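Worksheet: the structure to be examined is printed underneath.
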Amino acid sequence: MPKSTHVVQLSSFVFLLCVILLSVPASAIAAPPSLQAMAQQFSTCAQPSFQSGEMLDEGVTGFGIDLDGDRYWVAVMDRVVLPLQASRDAPPVATLRLDRPVVEEFQEQMVWRQRLLQHTASLMDVPVQETPLADGARLLTANKKILKGKYAGLSLIVDQKRQLFVQIEWTRLPSYTTMREATTMQEAVLARLRTCLPKV
């Protein structure tokens, strides 16, 4: 076969490949998994040690941040709330709030959410502990020094690859008598979640 024929065939193949790639929407190529699917996977990973309560799909929402007059509105395109319980009739050990922001605002929201957690930690006079996760995701946690208020601590998972923030509110259960008991429960929950987090 003449060399020119090979060139024509190769050019045709490259052109066809480009047409196919251009005809596929970008969202279809790299669309992150739905929050509902991710919440269900978190629920599965938490078992059998923990049970999931009723999953709530809040959809489009948002909240404001005010740090000493420095204000920012956090726009959330989709939110799913998932409570985890030690048993079916028990109060939530932790509540997971899965948020997906506007894609263009992920970096900006990441800065503000981290600032908010750092501000909360400074009010409690505790450090923010950071734990690296797979695929560049990070787990940030601030726990109280003493058992006080509704929550024993807060965590934030930052997962840029999946365009995801997960805020975890660690409930101060009536059965807790020390913070050590609260952090032990926290470690037990995270140990289960790490079996699939953030590999969704």
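The values are calculated or read from the model by the stated rules, or taken from the named source; none is laboratory data. Every value quoted in this text rests on a predicted model; they were computed, and no experiment measured them. Ideal geometry is used to build each Cβ from the backbone, glycine not excepted, and the neighbour counts take in all protein chains shown. Side chains included, ligands, DNA and RNA excluded: accessible areas come from the protein's heavy atoms. Shrake-Rupley method; radii C 1.70, N 1.55, O 1.52, S 1.80 Å.
Assorted remarks:
- Qualifying positions in segment 65-79 - part of a strand (DSSP E or B) and either open to solvent by 20 Å² or more (accessible area, probe 1.4 Å) or of a type in the set (F, W, Y) (or both): D66, D70, R71, Y72, W73, A75, M77, D78, R79
- Lone qualifier among T131, T141 - being at pLDDT 95 or above and either under 21 Å from G64 (Cα atoms) or in a strand (DSSP E or B) (or both): T141
- If you go through segment 111-134 and keep only what is among the charged types (D, E, K, R) and either surrounded by 13 or more Cβ atoms within 10 Å (Cβ to Cβ) or touching a helix residue (DSSP H, G or I) at 6+ places or on another chain (Cβ under 8 Å) (or both), you end up with R113, R115.
- From the list I146, I168, I157, the one residue that fits, being among the aliphatic types (A, V, I, L, M) and surrounded by fewer than 15 Cβ atoms within 10 Å (Cβ to Cβ), is I146.
- Of all residues assigned to segment 36-45, none qualifies as being surrounded by 15 or more Cβ atoms within 10 Å (Cβ to Cβ), in contact with a Gly (Cβ under 9 Å, 6 or more places away or on another chain), in contact (Cβ under 8 Å) with a residue 24 or more places away in the chain and within 21 Å of Q163 (Cβ to Cβ).
- Matching residues in segment 85-97 - criterion: being in a strand (DSSP E or B) and either more than 14 Å from L35 (Cα to Cα) or open to solvent by less than 40 Å² (accessible area, probe 1.4 Å) (or both): Q85, P92, V93, A94, T95, L96
- Some residue of segment 175-192 being at pLDDT 95 or above, of a type in the set (V, I, T), over 25 Å from S49 (Cβ atoms) and open to solvent by 10 Å² or more (accessible area, probe 1.4 Å): no
- Selected residue (criterion: farthest from the chain's Cα centre (by Cα)) from residues of segment 28-47 that are outside any helix (DSSP H, G or I) and modelled with pLDDT under 90: A31
Results for (1) in contact with a His (Cβ under 9 Å, 6 or more places away or on another chain); (2) under 26 Å from T184 (Cα atoms); (3) polar (S, T, N, Q), shown as yes or no for each residue.
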position: S34; (1), (2), (3): no, no, yes
position: M38; (1), (2), (3): no, yes, no
position: Q41; (1), (2), (3): no, yes, yes
position: V60; (1), (2), (3): no, no, no
position: R88; (1), (2), (3): no, yes, no
position: T95; (1), (2), (3): no, yes, yes
position: L98; (1), (2), (3): no, yes, no
position: V111; (1), (2), (3): no, no, no
position: H119; (1), (2), (3): no, yes, no
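- No other residue among A137, A142 is of a type in the set (G, A, S) and out of contact with any Gly (no Cβ under 7 Å at 6 or more places or on another chain) apart from A137.
- Verdict on R162 being over 18 Å from T95 (Cβ atoms), surrounded by fewer than 16 Cβ atoms within 10 Å (Cβ to Cβ) and basic (K, R): no
- Selection status of L82, without any contact (Cβ under 8 Å) to a residue 60 or more places away in the chain, under 23 Å from T183 (Cα atoms), among the aliphatic types (A, V, I, L, M) and part of a strand (DSSP E or B): yes
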